[in-house]
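Asks: The structure's right below; bear with me while I get my questions together.
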Amino acid sequence: MNYVLQYPGWTIVTCFLAGLLYAVVLYFKERNLEGQASYIRWMLGFLRFSAITILCILLLGILIPTQDKIVEKPIIIVGQDNSGSIVSTSDSSYYKGQYKKQLEALSKQLSSKYQLEFFRIGAFSDISRDIDFSDKQSDIGSFFDEITDRYAGRNIGAVVLLSDGIYNKGGNPLALSENIHNTPIYTVALGDTSVKRDLRIEKLNHNKVAYQGNDFPVEVLVKADRLKGKSTKLRILYKNEIIESKDIKIEQSVALYKFNFRIEAKNAGLQRYTVVLDSIENEINYGNNATDFVIDVQNNRQEILLFANSPHPDIAVIRNVIEAQQSYKIDLKYAGDQIDDIKRYGLIILHQIPSVTAPSQDLLNKIQNLKKPVLFMLGGQNNFGLFNQLKSGVSHLGFRGQMDAVNAEFMKDFTSFSLPPELFNVESRLPVMHVPFGNYKISNGVTAIANQKLGNLSKNEALMAINKWNGVRTGFILGEGIWRWKMKYASLTNSLVHKLIQYLVTREDKSFFRINSKREFTENEDVSFEAELYNDSYELVNSATVNIIVSSEQGEEYPFTFAPSGSAYTLNAGRLPAGTYSFKGNVRYNGNDFERVGQFSVKSLTIEQNDLVADHNMLYQISSNSGGKMIPVSELDRLADDILSSGEIVDVSYPIDKQEEIINWKWIFFVLVALLSLEWFVRKRNGAY
């Protein structure tokens with residue numbers, strides 16, 4: 001027999017010695033047994049020796065490997081679609097009444113023989129039997145993801161999906177269902193596949209950000225089913241006033257129209273607009289005739305000055321990246337051009353400035369005096385004598401005019417902003433950059449984004465870096481040739497340059513009190529905030545009480561108090577009705593009052609009303625591919641019989657190896673009782689008591 005000792009093996013010998021010693025001491029000179037046959041003394045000694053030895057061995061905690069068997073009942077996983085599209089048809093009263101009773105009967109029948117797990121499917125899937133068909137989104141794929149994650153390796157007998165097949169969030173359910181292997185999937189087809197009379201806003205395209213005083217585009221797609229010959233009107237409303245409208249004459253049984261508008265962004269902040277279609281009599285669904293959208297109207301754009309010694313292909317890369325961002329406006333100037341006022345610029349990019357022909361000393365002095373963020377792009381035209389005098393954290397020792405070809409090695413521990421992950425996969429294939437011959441001397445405060453690399457040899461010299469110069473953010477591209485990177489990896493190069501510029505142009509928040517939240521939530525999403533409070537040493541503290549008042553457009557106020565979380569604060573304000581909200585947070589700390597204000601919007605979700613035509617074909621494919629069946633909801637009562645009569649859904653037994661302490665063996669207890677009882681009986685019979 002195999003066994004496991006928790007103590008050294010020699011301790012077993014001590015157990016025998018302890019039993020022997022106890023028996024010898026007790027019976028070697030037992031006077032009460034004088035005159036008795038010698039075998040009596042030997043028998044009693046053996047009984048006491050055996051009992052004491054067994055007790056000592058039990059105290060050693062000896063483990064014996066054993067094998068057990070676990071029998072697992074089949075699991076039947078039921079997923080009920082809880083989205084609003086189920087009850088948005090003419091059968092809504094059936095689903096709210098009789099259907100729920102049938103579902104309860106199905107659950108009772110299946111749970112009598114199997115382990116039943118019930119999921120509710122909406123914007124996500126969770127274990128729940130609380131069905132009210134109120135979810136604003138359908139993510140059927142999340143149901144199959146939950147099964148894959150939760151029940152891997154378990155005995156799944158069957159999966160039951162009750163749905164109309166309409167999904168508007170997450171992955172394709174048909175593809176995700178294929179991750180569930182060797183398990184039949186039964187689908188119950190809910191909803192209606194017939195096309196009804198319906199007019200709806202099919203899609204709405206718009207920018208998220210616009211700038212005050214500018215026009216922004218809005219594209220509206222309108223779909224009409226079985227409404228040929230009817231007329232309607234499309235309106236766009238702002239603060240309940242019509243700002244755009246379009247008459248629509250429906251000329252086909254199935255018609256799709258696209259309309260483009262340009263709307264002036266008059267007011268700054270989050271601005272809500274509503275798109276409405278006049279309803280037509282006898283539509284199956286009026287809930288998809290209107291929707292709203294929110295535009296973040298900003299009152300200024302960040303202006304960036306790109307000042308270059310002379311034309312260069314790297315300039316085109318920088319310029320294209322900046323011009324692609326609506327929040328930036330770029331001015332390109334060359335040496336000799338007049339620069340009116342640098343105060344208005346949020347970032348100044350100096351391409352090979354100062355140079356031999358353009359020392360630009362006056363401009364450099366103004367940049368330092370005004371403490372403007374700078375991106376230095378260095379190359380063969382720079383005057384490094386003048387550049388080194390700036391004491392920017394980077395200096396160069398070498399010969400002007402000579403260049404070295406180097407590769408890039410990006411720093412995996414760089415955290416000031418997120419680098420595109422693909423950079424680390426392609427860095428060895430990036431074209432070379434040319435850096436001025438010599439050595440760059442980097443001060444301790446400079447953080448490298450990428451280092452120079454000669455072949456397989458890593459140089460401890462930066463190729464791209466950031467620093468705090470003159471108290472503001474400063475960037476360095478210490479060579480020429482990023483245009484070659486863009487020729488080979490355009491989107492990757494654009495992303496890297498954009499992140500660097502965004503980091504430099506973003507002002508650091510030096511306030512002692514901050515409140516952060518998303519700018520847009522959906523009505524089925526909890527509105528949440530984070531707050532930070534700093535002491536005079538800019539250390540996070542959370543000993544003070546932080547309050548916030550959230551106000552709706554109608555003037556309703558919702559007061560909340562933040563809860564400390566870690567070294568900061570968090571707040572979950574729950575779900576709020578659709579609309580635009582403002583908030584004002586305040587805290588009193590060390591005798592000072594701090595206040596922060598902001599805005600956010602809650603977007604209404606009408607996506608469940610957009611398409612009410614059930615997709616039973618997808619449900620059939622899911623069942624067919626898995627070896628299950630699709631049945632219409634009218635035959636729901638026979639589903640339990642189909643599953644219960646399946647001969648393939650059976651219990652599964654698993655052998656399990658375990659280790660058991662011999663002290664848990666009950667028969668040893670009875671052996672000990674027998675040994676001690678027999679010893680007592682023999683002693684009593686022979687007058688030893």
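Asks: If GLY153 satisfies all but one of (1) open to solvent by 40 Å² or more (accessible area, probe 1.4 Å); (2) on the phi < 0 side of the Ramachandran plot, what's the number of the condition it fails?
Replies: (2) is the only condition that GLY153 fails.
Asks: Here is a further query. Report yes if ASP126 is in contact with a Lys or Arg (Cβ under 7 Å, 6 or more places away or on another chain) and not in a loop (DSSP other than H, G, I, E, B), otherwise no.
Replies: For ASP126, the condition - in contact with a Lys or Arg (Cβ under 7 Å, 6 or more places away or on another chain) and not in a loop (DSSP other than H, G, I, E, B) - is met.
Asks: Further, regarding this structure: Is region 176-191 home to any residue that is exposed (fewer than 15 other Cβ atoms within 10 Å of the Cβ) and among the charged types (D, E, K, R)?
Replies: Here is the first cut: in region 176-191, the residues exposed (fewer than 15 other Cβ atoms within 10 Å of the Cβ) are 178-179, 181-182.
From the residues that got through so far, the ones that are among the charged types (D, E, K, R) too are 178.
Yes, that holds for at least one residue.
Asks: If you take the residues of region 440-467 that are part of a strand (DSSP E or B) and loosely packed, with under 15 Cβ neighbours inside 10 Å, which of them is farthest from the chain's Cα centre (by Cα)?
Replies: The qualifying residue farthest from the chain's Cα centre (by Cα) is LYS441.
Asks: Here's something else I'd like to know. Can you find a residue that is on the phi < 0 side of the Ramachandran plot, among the small types (Gly, Ala, Ser) and in a strand (DSSP E or B) anywhere in region 476-490?
Replies: Looking for residues that are on the phi < 0 side of the Ramachandran plot, among the small types (Gly, Ala, Ser) and in a strand (DSSP E or B), one finds none in region 476-490, hence no.
Asks: Among ASP292, ASP296, which is farther than 28 Å from LEU504 by Cα, in contact with a strand residue (DSSP E or B) (Cβ under 9 Å, 6 or more places away or on another chain), at pLDDT below 90 and not in a loop (DSSP other than H, G, I, E, B)? Show your work before the answer.
Replies: Values: ASP296 fails: farther than 28 Å from LEU504 by Cα.
Every option except ASP292 fails the conditions.
Asks: Would you check if there is a residue in region 68-89 being open to solvent by less than 30 Å² (accessible area, probe 1.4 Å), free of Cβ contacts under 8 Å to residues at least 60 places away in the same chain and over 18 Å from ALA189 (Cα atoms)?
Replies: No, region 68-89 contains no residue that is open to solvent by less than 30 Å² (accessible area, probe 1.4 Å), free of Cβ contacts under 8 Å to residues at least 60 places away in the same chain and over 18 Å from ALA189 (Cα atoms).
Asks: Okay, next question. How many of the residues making up region 198-222 are of a type in the set (D, E, K, R), under 14 Å from LEU256 (Cα atoms) and modelled with pLDDT under 90?
Replies: In the first step, residues of region 198-222 are kept if they are of a type in the set (D, E, K, R); the result is 198, 200, 202-203, 208, 215, 219.
Checking the rest, the ones that are also under 14 Å from LEU256 (Cα atoms) come to 198, 200, 202-203, 219.
Next, from what is left, pick out any that are modelled with pLDDT under 90: 198, 200, 202-203.
Within region 198-222, residues that are of a type in the set (D, E, K, R), under 14 Å from LEU256 (Cα atoms) and modelled with pLDDT under 90 number 4.
Asks: Among the residues of region 503-516, count how many are modelled with pLDDT under 90 and either assigned to a strand (DSSP E or B) or among the polar types (S, T, N, Q) (or both).
Replies: 2
Asks: Identify all residues within region 139-169 that are assigned to a helix (DSSP H, G or I), closer than 27 Å to TYR654 by Cα and either touching a Lys or Arg at 6+ places or on another chain (Cβ under 8 Å) or polar (S, T, N, Q) (or both); write none if there are none.
Replies: Listed by number, the list holds a single entry, THR148.
Asks: Starting from residues that are among the hydrophobic types (A, V, I, L, M, F, W, C) and surrounded by fewer than 20 Cβ atoms within 10 Å (Cβ to Cβ), keep the ones in region 271-283 and report whichever is farthest from VAL222 (Cα to Cα). Even if it seems obvious, please write down each step before you answer.
Replies: Going residue by residue through region 271-283, those that are among the hydrophobic types (A, V, I, L, M, F, W, C) are 275-277, 280.
Restricting the remaining residues to those that are surrounded by fewer than 20 Cβ atoms within 10 Å (Cβ to Cβ) gives 276, 280.
Details: VAL276: 11, ILE280: 14 Å.
For region 271-283, the residue satisfying everything is ILE280.
Asks: Do you know which residues across region 1-45 are modelled with pLDDT under 70 and in contact with a strand residue (DSSP E or B) (Cβ under 9 Å, 6 or more places away or on another chain)?
Replies: MET1, ASN2, TYR3, VAL4, LEU5
Asks: Turning to a different aspect of this structure: Evaluate the following for LEU234: is it more than 35 Å from the chain's Cα centre (by Cα), open to solvent by less than 20 Å² (accessible area, probe 1.4 Å), closer than 15 Å to LEU204 by Cβ and touching a residue at least 60 places away in the same chain (Cβ under 8 Å)? Spell out the reasoning first.
Replies: Details: more than 35 Å from the chain's Cα centre (by Cα): yes; open to solvent by less than 20 Å² (accessible area, probe 1.4 Å): yes; closer than 15 Å to LEU204 by Cβ: yes; touching a residue at least 60 places away in the same chain (Cβ under 8 Å): no.
Here the answer is no, as LEU234 does not meet what is asked.
Conditions (1) among the aromatic types (Phe, Trp, Tyr); (2) open to solvent by less than 60 Å² (accessible area, probe 1.4 Å); (3) without any contact (Cβ under 8 Å) to a residue 40 or more places away in the chain, marked per residue:
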| position | (1), (2), (3) |
| --- | --- |
| SER645 | no, no, yes |
| VAL652 | no, yes, no |
| LYS666 | no, no, yes |
| PHE670 | yes, no, yes |
| VAL673 | no, no, yes |
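The values are calculated or read from the model by the stated rules, or taken from the named source; none is laboratory data. This is a predicted model, so every value here is computed, not measured. Cβ: placed from backbone, ideal geometry, glycine included. Neighbour counts: every protein chain shown. Quick note on the areas: whole protein, heavy atoms, side chains included, nothing else; ligands and nucleic acids left out. Shrake-Rupley method; radii C 1.70, N 1.55, O 1.52, S 1.80 Å.
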